[in-house]
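Undergrad: One structure coming up, written as structure tokens, with questions to follow.
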Amino acid sequence: MATQIFDSKNTVLLEPQAHQENSPRHSNHLFDGGAFRGFFYVMLFNLFLALIGAGLWELWRLVR
């Protein structure tokens with residue numbers, strides 16, 4: 001079942017998190033990047049694919 005929470009006052013604990021001790025260190029964490037970090041990794045992966053494609057293209061031109 002999917003759950004959507006739109007209010008930041010609501011908390012959801014997954015099974016592993018429910019058994020952990022709550023400490024102030026966990027509640028005051030820094031911004032971890034979120035979507036920006038994911039976008040950065042996607043762009044790095046796309047660059048890797050482009051380099052592999054360009055290398056294969058040059059190899060095909062040399063072999064041909």
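Computed from the coordinates by the stated procedures, all read-outs in this text should not be read as laboratory data. Bear in mind that the values here come from a model prediction, so they are computed numbers and not experimental data.
Undergrad: Quote to one decimal, in nm, the extra length available between residue 54 and residue 42 on full extension: 0.36 nm per residue of separation minus the C-alpha distance between them.
TA: Taking residue 54 through residue 42 to full extension adds about 2.5 nm, to one decimal.
Undergrad: Using the Karplus equation 6.51 cos²θ - 1.76 cosθ + 1.60 (θ = phi - 60°), what ³J(HN,Hα) coupling, rounded to whole Hz, does each residue of segment 54-64 give in order, writing x for Gly and Pro?
TA: 5, x, 5, 4, 5, 5, 5, 5, 6, 6, 5
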